[in-house]
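Peer 1: Sharing a structure below in structure tokens format, with a few things to ask.
The values are calculated or read from the model by the stated rules, or taken from the named source; none is laboratory data. All of these numbers come straight from a predicted model, not from anything done at the bench. Note: ideal-geometry Cβ built from the backbone for every residue, glycine included; neighbour counts use all protein chains shown.
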Amino acid sequence: MNFFQHPGFWLNWYYPGALFRLPDSKRKRLVLTFDDGPQPGVTDRVLDILKEEQIQAIFFCLGRQVKAYPELFARIQREGHWVGNHSFSHLNGLNTALGEYIDDVSEASNWISSPFFRPPYGKMKRSQFFKLKKSYQVMLWDVLAVDYEPNRSPEQCVDTVLKYSRNGSVIVFHDSLKAADRVLGALKPSIKALKSKGFEFCLPPIPH
Ligand SMILES: [Zn+2]
């Protein structure tokens, strides 16, 4: 368990204007997001589950994955989901110079047209943040399913999601090979349990 699973107020201060949670916290609404795809064998099955549950989500895609799997990327959008820029090659901003980082996001924007950006690992330097904030709504999260940890079970991921989800939460899963067993095992039970607690799923306000 670490604080990136459930970021505290200090991150709001560090990244002012980033979206961690929906602004209207009175309503029982959640946003589902998926990072690191599109990935054949994972994203397509996630899309099937979302269709069965009639939920729209945001897919924070990697430019390199979109370049490799354009048809799966097209399917995401055709089925009414939104896409976000998650950079081209998943650089860690903290180890990357400003220019190189911005170039990587810009390269991804040739493949992904979106007003939303989510930094890989949820981390970037403030200089990178302030530069990207001019062009994007930076979207972080309130709840991390930790589905990329190979020693966890799908049930543990469901428990994490249920434990931390609250009104307005932005929840992150991963449609990646690394997370496949857990996201595909945990997604449907998580959605069912959250629905039974009275939560609805929605998309965030469009940034202006
Ligand atoms: Zn990522």
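Peer 1: Would you point out which residue out of Val66, Val83 is part of a helix (DSSP H, G or I), touching a residue at least 24 places away in the same chain (Cβ under 8 Å), of a type in the set (Val, Ile, Thr) and in contact with a Phe, Trp or Tyr (Cβ under 8 Å, 6 or more places away or on another chain)?
Peer 2: From the options Val66, Val83, the qualifying one is Val66.
Peer 1: Let me ask something else about it. Has segment 37-50 got any residue that is surrounded by 15 or more Cβ atoms within 10 Å (Cβ to Cβ), assigned to a strand (DSSP E or B), within 15 Å of the chain's Cα centre (by Cα) and of a type in the set (A, V, I, L, M, F, W, C)?
Peer 2: Checked against the condition, which is being surrounded by 15 or more Cβ atoms within 10 Å (Cβ to Cβ), assigned to a strand (DSSP E or B), within 15 Å of the chain's Cα centre (by Cα) and of a type in the set (A, V, I, L, M, F, W, C), segment 37-50 yields no hits at all.
Peer 1: Please name all residue pairs, on different chains or six or more residues apart, with Cβ atoms under 6 Å, provided the first residue is in segment 158-177 and is within 26 Å of Asp44 (Cβ to Cβ) and at pLDDT below 95 and the second residue is among the aliphatic types (A, V, I, L, M) and within 16 Å of the ligand (Cβ to nearest atom).
Peer 2: none
Peer 1: Same structure again: Is at least one residue of segment 124-147 within 13 Å of the ligand (Cβ to nearest atom), free of Cβ contacts under 8 Å to residues at least 40 places away in the same chain, within 13 Å of the chain's Cα centre (by Cα) and in a loop (DSSP other than H, G, I, E, B)?
Peer 2: Within segment 124-147 (the criterion being within 13 Å of the ligand (Cβ to nearest atom), free of Cβ contacts under 8 Å to residues at least 40 places away in the same chain, within 13 Å of the chain's Cα centre (by Cα) and in a loop (DSSP other than H, G, I, E, B)), the answer is yes, since at least one residue qualifies.
Peer 1: Among the listed residues Glu71, Glu107, identify the single one that is without any contact (Cβ under 8 Å) to a residue 24 or more places away in the chain, farther than 25 Å from Pro205 by Cα and not in a loop (DSSP other than H, G, I, E, B).
Peer 2: Criteria check complete, one pass: Glu71.
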